[in-house]
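Below is one structure, written out as structure tokens; comments come after it.
Read-outs throughout are calculated quantities, based only on the coordinates presented, and are distinct from any laboratory measurement. Owing to the predicted nature of the structure, the values given are computational and were not obtained by experimental measurement. For neighbour counting, all protein chains shown are included, and Cβ atoms are generated from backbone atoms with ideal geometry for every residue, glycine included.
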Amino acid sequence: MMRTLATGVVAALVTSGAALAQTPVVYTWTGLGTNVPGSSKCPTYKMNIEVTVTGKAVKGIFQQEGRDQRHFETTLDKNGKIKTAAMAGGGGMMDVIGEVNDSGGKIKLDGYCKFEGPLTKKQ
């Protein structure tokens with residue numbers, strides 16, 4: 001009986017340790033866009049970006065003020081970098097490029113406008 005209880009406690013500790021290692025970390029950025037060729041309104045567009053990292057899995061949401069929320073999913077490479085594409089409004093695509101680390105990181109959405117800046121770890 002004691003051995004079974006001890007085994008259960010050890011299994012619970014190992015399981016909870018694995019869960020702690022996979023705790024999601026959330027990063028955010030809010031700012032204005034910069035122009036790309038053919039666009040002049042980007043500095044008036046405000047974007048909110050939230051990036052959630054769980055282990056190596058990355059899920060992001062972004063929303064330009066007054067527009068629909070969009071998302072992307074990817075994985076971190078061995079250097080903590082991400083690179084993927086996400087659907088934007090009107091069928092266009094946004095390149096998603098970034099990096100996350102213990103202190104934050106950086107993010108860039110590049111498509112109809114550029115939105116980029118430092119990621120801040122959400123408390």
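Binning all Cα-Cα separations of region 26-99 at 10 Å, short to long from zero, yields these whole-percent fractions: 17, 52, 26, 5.
Go ahead and run the numbers for FRET between Asp102 and Val36, Cβ-Cβ distance against an R0 of 25 Å, rounding to 0.05.
0.20
The label-point distance for Thr23 and Asn79, in a model that sets each label 7 Å from Cα toward Cβ, rounds to 2.9 nm. The convex hull around the C-alpha trace of region 66-112, projected and averaged over every direction, spans 3.8 square nanometres. Extending 7 Å from Cα along the Cβ direction at Met87 and again at Asn48 yields two label points whose distance is 2.2 nm.
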